[in-house]
Every structure is written in structure tokens, then in C-alpha cells.
Amino acid sequence: MNQPPAAPAASQRACWLKTLHQWHWISSALCLIGMLLFAFTGITLNHAADIAAQPQVQQKVVQLPAGLQTSLAPKDDEPDNAALPPAVRQWLSESLGVALPDTTAEWSPEEVYLSLPRPGGDAWLRIERETGSVEYERTDRGWVSYLNDLHKGRHTGLAWKWFLDIFSVACLVFCITGLFILKFHAANRPTTWPMVGMGLVAPLLLVILFVH
């Protein structure tokens, strides 16, 4: 008996559905924890003013050794912005118990100032060039602020930036494969496209009517 003409089309449809479902569940597995994190921090960011935070401030004062202090002595041709000398940065990291990055500091005739922004808080370091006195301050605004900054990618570094890009691609795959799966099943589910349209129209109306 000859195979009905509709069989190849049905077989191709089943193959596409299988592939879409495979990409859909893989991307959803990759996105799951990230989407929970971003959904939760979406709420905390939206209600940031209602969530009380008690910043914890830590201060340390140390004295730079004379030998290292000499390396910070003012020079006629020094730039306004430059990294700390490696030996000074290593000594400060060990003395303060802080991993100092090799980032640019602000140099003036009186002091060297290094800003150390971080997710969920802030920090800075100041060295008096004449006396060698070092002042370090770190502010921690709590875990909610930390998660909020992860959501925004604020002062999170290159590795987290790459994660956000990869996570965004996985979310796009998840959504696009979901859309095609909806298309395959829409014939048997009449409410599919009205619900998809509602997902577009509802936020659009809110923006037009209430966001100014």
C-alpha cells in the first residue's frame, strides 16, 4: 500500500517539534536559576525604597613603610591617573586583607585616591603622599543590594558581563522556540494568539497611558 501524501508532512512536522522541544528544554534549564534571580530582583528593585537597608561601614588605617612611601613621592611629569606601583598594591592588599585590583587611581600632589566600587556596596582607599598614612573604608549595604547590583550588572566585572550576555542569548532561544511551539499547537488551542497578543498589548497600554 502506498504511503498517504500527508505522511511526509506529518513526519517533518514531528521532526521540527522534536527539535524545538529539545532546544526549548535545554535553554529553559540553562535559564532557570537566572530567571528566578532576575524575577526576584525585579521585585526588590521595584520596591527598593520600601526595603530598609542598614549599611555596615568598615574602616582601617595603616602606615605605609618608608621605602614604599618613597615610590609615591611627587614627580614633575607624573600623570593625573595611573595604577598604584605593584609593590605598594601588594603591601596594601596584605595589610588591609583586601584584594586590590590593578585599576587606575587618581593622583594629586597631596594624595593618591583609589575608588573601589563593588556590587552591594562601595569602598575607597586614600594615601597621604607626605606622611604615608593610608585610610581605607568599605560600605556593605546588604545582600538585597548585592543581588540588585547583580541584576543591573553594576561594578560586577568582566566575567559577570559575559554571563549576562550568555544568559540573554539563552533566554532568547527559550522564548523564540516557545513561540514556534505555540505556532505548531495554535490550531488546537484557539486562545493561544489572543493570550500572546495580550502579553504585548497590556504593557504597551500601560506605557502609553501611565508612563510619562
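With point charges of +1 on the Cβ of Lys and Arg and -1 on the Cβ of Asp and Glu, referenced to the Cα centre of the chain, which listed residue (P8, H21, S71) lies farthest in the positive direction of the dipole?
Checked the options; the winner is P8.
Which whole-number percent gives the relative contact order of the chain, counting Cα pairs below 8 Å spaced six or more residues apart? Numbers along the way, then the final one.
On the way: 219 pairs, mean separation 51.4, N = 212.
Relative contact order here is 24 percent.
Given labels modelled 7 Å from the Cα in the Cβ direction, how far is it in nm from I208 to H185?
If labels sit at I208 and H185, their model points lie 3.0 nm apart.
Rank Y146, Y113 by accessible area, highest first, at a 1.4 Å probe radius? Please list the in-between numbers first.
On the way: Y146 100, Y113 65 Å².
Correct descending sequence by accessible area is Y146, Y113.
Could you compute the net charge surrounding E128? Neighbours are other residues with a C-beta less than 13 Å from the C-beta of E128; K and R count +1, D and E count -1.
Values: positive: R126, R129; negative: E110, E111, E130, E135.
With Lys, Arg at +1 and Asp, Glu at -1, the neighbours total -2.
What are the aspartates and glutamates whose alpha-carbon lies under 19 Å from the alpha-carbon of K75, with same-chain residues fewer than 8 places away excluded?
Partners found: E106, E110, E111, E128, E130.
Per-residue accessible area for K75 at 1.4 Å probe radius, Å² rounded to 10?
In the full protein context, K75 sits at about 110 Å².
Multiply the residue gap between T131 and N81 by 0.36 nm, knock off their C-alpha separation, and tell me the result in nm, one decimal place.
On the way: separation 50, 0.36 × 50 = 18.00 nm, distance 2.05 nm.
The T131-N81 span can extend by a further 16.0 nm.
Karplus couplings for region 121-126 from phi (6.51 cos²θ - 1.76 cosθ + 1.60, θ = phi - 60°), rounded to Hz, Gly and Pro as x?
After applying 6.51 cos²θ - 1.76 cosθ + 1.60, I find x, 7, 7, 8, 9, 10 Hz.
Given charges of +1 on the Cβ of Lys and Arg and -1 on the Cβ of Asp and Glu, with all other atoms neutral, how large is the dipole of the chain about its Cα centre, in debye to the nearest 20? All intermediate terms of the calculation are to be shown ahead of the outcome.
Numbers: 15 positive and 18 negative charges, 360 e Å.
It comes to approximately 1720 debye.
List every residue whose amide H lies under 5 Å from the amide H of A83, counting only residues 5 or more places away in sequence or on a different chain, with H placed 1.01 Å from N in the peptide plane.
For A83, whose amide H was placed from the backbone, the distant partners under 5 Å are A105.
Which order, highest average first, do 22-29, 187-194 follow once you tally other Cβ atoms within 10 Å for each residue and take the mean per peptide? Before the final figure, lay out each step's value.
On the way: 22-29: 15.1, 187-194: 9.8.
So the peptides 22-29, 187-194, ranked by packing, come out 22-29, 187-194.
What shape does region 126-212 take by its C-alpha gyration tensor, where a ≥ b ≥ c are the square roots of the eigenvalues and a/c under 1.5 counts as rounded, a/b above b/c as prolate, and the rest as oblate? Spell out each step's value before the answer.
Working: a/c = 4.81, a/b = 2.58, b/c = 1.86.
Judged from the Cα gyration tensor, region 126-212 comes out prolate (a/c at least 1.5, a/b above b/c).
What aspartates and glutamates could a cross-link reach from K161, if we take a straight Cα to Cα line under 13 Å and drop same-chain neighbours fewer than 8 places away?
The reachable aspartates and glutamates, counting only those whose Cα sits under 13 Å from K161, are D149.
Among [x] 122; [y] 223; [z] 159, find the value of volume of the Cα convex hull per residue in Å³ that was calculated from the structure presented, and write down its label.
[y]
In debye, nearest 20, what is the charge dipole magnitude of region 49-137 about its Cα centre with +1 on Lys and Arg Cβ and -1 on Asp and Glu Cβ, if you could check? Write out the running numbers ahead of the final one.
On the way: 6 positive and 15 negative charges, 74 e Å.
Computed about the Cα centre, the dipole is about 360 debye.
State the answer as a single residue: which of L150, L125, T177 lies farthest towards the positive end of the charge dipole of the chain, with beta carbon charges of +1 for Lys and Arg and -1 for Asp and Glu, about the Cα centre.
T177
The values are calculated or read from the model by the stated rules, or taken from the named source; none is laboratory data. Predicted model only: the values in this text are computed from it and were never measured. Neighbour counts are summed over all protein chains in view; Cβ atoms, including those assigned to glycine, are modelled from backbone coordinates with ideal geometry. Heavy atoms of the whole protein, side chains included, go into the accessibility calculation; ligands, DNA and RNA do not. Shrake-Rupley method; radii C 1.70, N 1.55, O 1.52, S 1.80 Å.
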